[in-house]
Each structure stands twice: as structure tokens, then as C-alpha cells.
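The values are calculated or read from the model by the stated rules, or taken from the named source; none is laboratory data. Please read all numbers here as calculations on a predicted model, not as lab measurements. For neighbour counting, all protein chains shown are included, and Cβ atoms are generated from backbone atoms with ideal geometry for every residue, glycine included.
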Amino acid sequence: MFLSVFELFKIGIGPSSSHTIGPMVAGSRFLDEILNGDWPRPASDGVTHISVSLHGSLAFTGKGHATDRAILLGLAGKSPSSVTRSEADAAIAAIHKEKKISPNGHPAYDFSPDSDLVFDYETILPGHTNGMIFFAYAADGRMLLKRVYYSIGGGFIASEEELAKQQDASAPQNVPFPFENADQMLQMANQSGLSIGSMKRENEIADMSANALSDGLMDIWDVMESSIVQGFDAEGELPGGLKVKRRAGKIHEKLLDDWRSNKPNPLLANDWLQAFAMAVNEENASGGRVVTAPTNGAAGVIPATLSYYLKFFPDAEKSSIEEFLLTASAIGGIIKHNASISGAEVGCQGEIGSASAMAAAGLAAIMGGTPAQVENAAEIALEHHLGMTCDPIGGLVQIPCIERNGMGAIKAVSAASLAMKGDGTHFVSLDACIKTMGETGRDMNARYKETSLGGLAVNVVEC
């Protein structure tokens, strides 16, 4: 199933791709349905009132993940790729004050956040644990329109009908290298003589110009790099009530001091990887702008790994960024197609594990790895995240999420290095590892899949 690099890497706001970006997109999509959707509406009917219910993980951890804010912003017509914090704060304040939503091109709709945004902790919708139902009513209270959307990870949204089609869909044939799994990817690489990143490039430019692809990839990297800089510059506590202090900036200052004084540090690589990753995810936790890679909760792994390469490899060139991102997205697309990148569906193995596999593949590729070595690097990184739960304390994307990104980056670098020491042959295939990850996620108790009902989320409080 071909998945564009720009679908996997999305520019948006924190703290969560599935709980913030996805619901925001769903709200905006519901507005389009009201105006342009195929639903019966006599001339006397008109939507005057909107309400929304959140289900499953969106209910259990929605407040900590800013899902309530996201729904309001989406219904206000705001885009996660462009809205600023000040615009978001102003729009939300206006809705709370006026009890109305007034998106451009629409009349004002009645919407009281206290009563029209319902966190339903009892009802799990059948399609996915991240479910939402949007309702539109006439002035006399009649329901005119109802739509169910699922946020399926990484900011992706699917309606009930689309979710069923995705489950039944086969790979499209309109790209030159339509690989659905790692085995097909390696076969096509062997037959074509191309790298994984080059095959991915050919797939992308089947639908866009080469210049547009390059410009878009550099835009992605610019936001990733900016999120590191912003994270290093910011201080204070993160929002949400846990009083978690930002640490990336102080770690960065200490590393720079050691760097200037040429002080020996046997842990230098790990320390920089942690600093880069934590900067991104502290920015994400504060609601800042990041790139889903492949999710917001795992947004720091890939920028950290690529920043580490650019800083420490003597022959590093910025021209390698495109190959890194294209290779990483090829691996991410395979994982998403054959398992999941949603923490609410398969636990954090689907977020940090996937990000680490993607980063390891990207790094191995720009280190000169063969397609077999790149696949091996991805497998090593993913294998050693199998079974990882998603149990955020307070429903916030802070503990253990921020540090976990640093550990994912460290594993990615180690996996790439280990793979490059071999010839690409290995015992466990990436496809087998991905299948195992999906099965493990299905078997995992729901308490450990982004509900904050088990694990650290409850044990830390109890202690």
C-alpha cells in the first residue's frame, strides 16, 4: 500500500498526532460534510447546533492529550499545520465565552464545550479505540447529520466506510515500486539495483515533480530542526499539572560547555541523542509545532538521529537528508500497512518502536548500507521495542514519553551500527517482526494502550 512521505510526516501541533491532530482534522472534515456532504436536507432544515462525543482512548486520555482543544479548533476551521498558539488560544477562549462556533463560510453554530463535548468512558466504538461521533442538529432539536470518525494513528482519520475499505484494499499499481512488505521491497531493490530511498523517490515523483518533493522534504526537516532549537531555548514547566520541568535546554548548555572545553565524555553520543530528542518532545508536550514521525508522541527519534549524524559524522552532508527521510518513510509505511503506528491500538511499540526502526533504516542508508543492511537495521530497532506499553502518567505526553524518545534514538543508532557490521543476513526478518508487533498489540491489555488505566500511570500515583 503506497503511503506518501508527506502523509507519514505531517507538520502539526502537539501533544499527540492521534489525540490532537486527528480530532482536529476530523472537526474540520465534519464542517465540510455539513456544507458539501451527501445527506438529505430539506430547504427548511438548517444546522444550528453541533455536539461531539469521544470514545475509548480519546475519552480516557483526551484531556491530557488536548483532545478537547483539538475538537474546538477543528470545528473553528483551524488547520494543525498552520495554526499558531496565540490563534489557538484566542479561538478556544472565544468559543468558551460565546458558546458558539463560527468557522469561515458557515453560520454560527451553538456549541457549549461543557455540555456539547462528551467524554464517553463507557462506549468503545467497534472500528478503533480512538473513536469520535459528530452530531448536527436543527433548531427544533432534530438530528440532521451524524458522522463517526476514527483517529487511527499518526494524524490519519478514517470514517466507518473508509476504515472498512482500508482493511480490504490491495496495493495500488500506479507507482513503479508498489511494495507492501519488506520482502517485496528487498526483491524490487535487488531487481532494480536501486536503494530503498531511490525506489521511494520514484514512487513519489509519479504524482509530483522532483523539485516539489525536494522542497517538501526540506520543509519537513526545517520544522524538525526548528523544534529542536525551540526546545533548547525554552525553560520552565510543561503544562498539564505534573509540574514536569523542561530539561533539554540545560542538558544542551552542559554539552556545549563540555564541547568547548574539550572535556572527555565517553557518553557523548548518547547525551546528544537524548538532548535532541527531549528538546523535540518537550516542545510537543507544550503544544508546539512538530512533525509526526510517525506520531507526535515519537516525534523526537528521527530528528535526534538525523541531527546526530549531521553533527558527528565527518563526511555528513545535508544532501543526505532526503535519502534518510525517504528511506525512513518507506519503512514507516510498511509498518503502518501491516501492523499499526497507534499507541492506542498496539502500545508504544507502535510509536517509539516504529520511529526507532525508521530512524535506524534512514541512518544505515546514508551510512552507505545496502538494502539488506537497511532492512536489518530497521528489524533490530523494532525487535527490541516489542511489547512496550503506552501508559502515560496523567494522560499527558510527558512521562515516560519524553525520555523514551531519547532511548529510541539511542537504539536506532546502535541498530544501524550493528547492521552495518554485517552483510544484511539475519535470523528474524523485518516482516516477521512487524507481524509480531501487531499480534502483541492485539493481545495487550487495553489498560496498557494509551488509556492511562495501568502501569506507570497508576503505580506512580499509588506510590
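Numbers below:
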{"quantity": "Number of the exception - H252 against (1) touching a residue at least 12 places away in the same chain (Cβ under 8 Å); (2) farther than 30 Å from Q274 by Cα", "calculated": "(2)"}
{"quantity": "Residues within the range 374-428 that are of a type in the set (V, I, T) and under 21 Å from A304 (Cβ atoms), tallied", "calculated": "7"}
{"quantity": "First in the range 74-89 and over 16 Å from A108 (Cβ atoms), second anywhere and among the aromatic types (F, W, Y) and loosely packed, with under 15 Cβ neighbours inside 10 Å, Cβ under 9 Å, 6 or more apart", "calculated": "none"}
{"quantity": "Elements of type strands (runs of 3 or more DSSP E) contained in the range 1-120, each with 2 or more residues being over 30 Å from G300 (Cα atoms)", "calculated": "49-56, 117-120"}
{"quantity": "Exclusive hit being touching a strand residue (DSSP E or B) at 6+ places or on another chain (Cβ under 6 Å) and either of a type in the set (F, W, Y) or within 21 Å of P80 (Cα to Cα) (or both), set I220, I302", "calculated": "I220"}
{"quantity": "Selection status of T436, more than 26 Å from E122 (Cα to Cα), hydroxyl-bearing (S, T, Y) and loosely packed, with under 15 Cβ neighbours inside 10 Å", "calculated": "no"}
{"quantity": "Residues of the range 18-37 that turn out to be among the hydroxyl-bearing types (S, T, Y) and surrounded by 24 or more Cβ atoms within 10 Å (Cβ to Cβ), as a count", "calculated": "2"}
{"quantity": "Test result for E98, under 23 Å from the mean Cα position of the chain (by Cα) and over 18 Å from A138 (Cα atoms)", "calculated": "no"}
{"quantity": "Pair list, Cβ under 6 Å, 6 or more apart: the range 405-416 residue at pLDDT 95 or above, other residue among the polar types (S, T, N, Q) and in a helix (DSSP H, G or I)", "calculated": "N405/N281; G406/Q274; G408/S356; A409/T305; I410/N270; K411/S356; A412/T305; A412/S356"}
{"quantity": "Inter-residue pairs, beta-carbon under 9 Å, first among the hydroxyl-bearing types (S, T, Y) and in the range 128-140, second assigned to a loop (DSSP other than H, G, I, E, B) and buried (at least 23 other Cβ atoms within 10 Å of the Cβ), 6+ apart", "calculated": "T129/S342; T129/E450; T129/T451"}
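One line per residue, one yes/no per condition, for (1) out of contact with any Phe, Trp or Tyr (no Cβ under 8 Å at 6 or more places or on another chain); (2) of a type in the set (D, E, K, R); (3) under 21 Å from F312 (Cα atoms):
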position: D219; (1), (2), (3): yes, yes, no
position: M224; (1), (2), (3): yes, no, yes
position: V229; (1), (2), (3): yes, no, yes
position: V244; (1), (2), (3): yes, no, no
position: R247; (1), (2), (3): yes, yes, no
position: L255; (1), (2), (3): no, no, yes
position: L267; (1), (2), (3): yes, no, yes
position: N270; (1), (2), (3): yes, no, yes
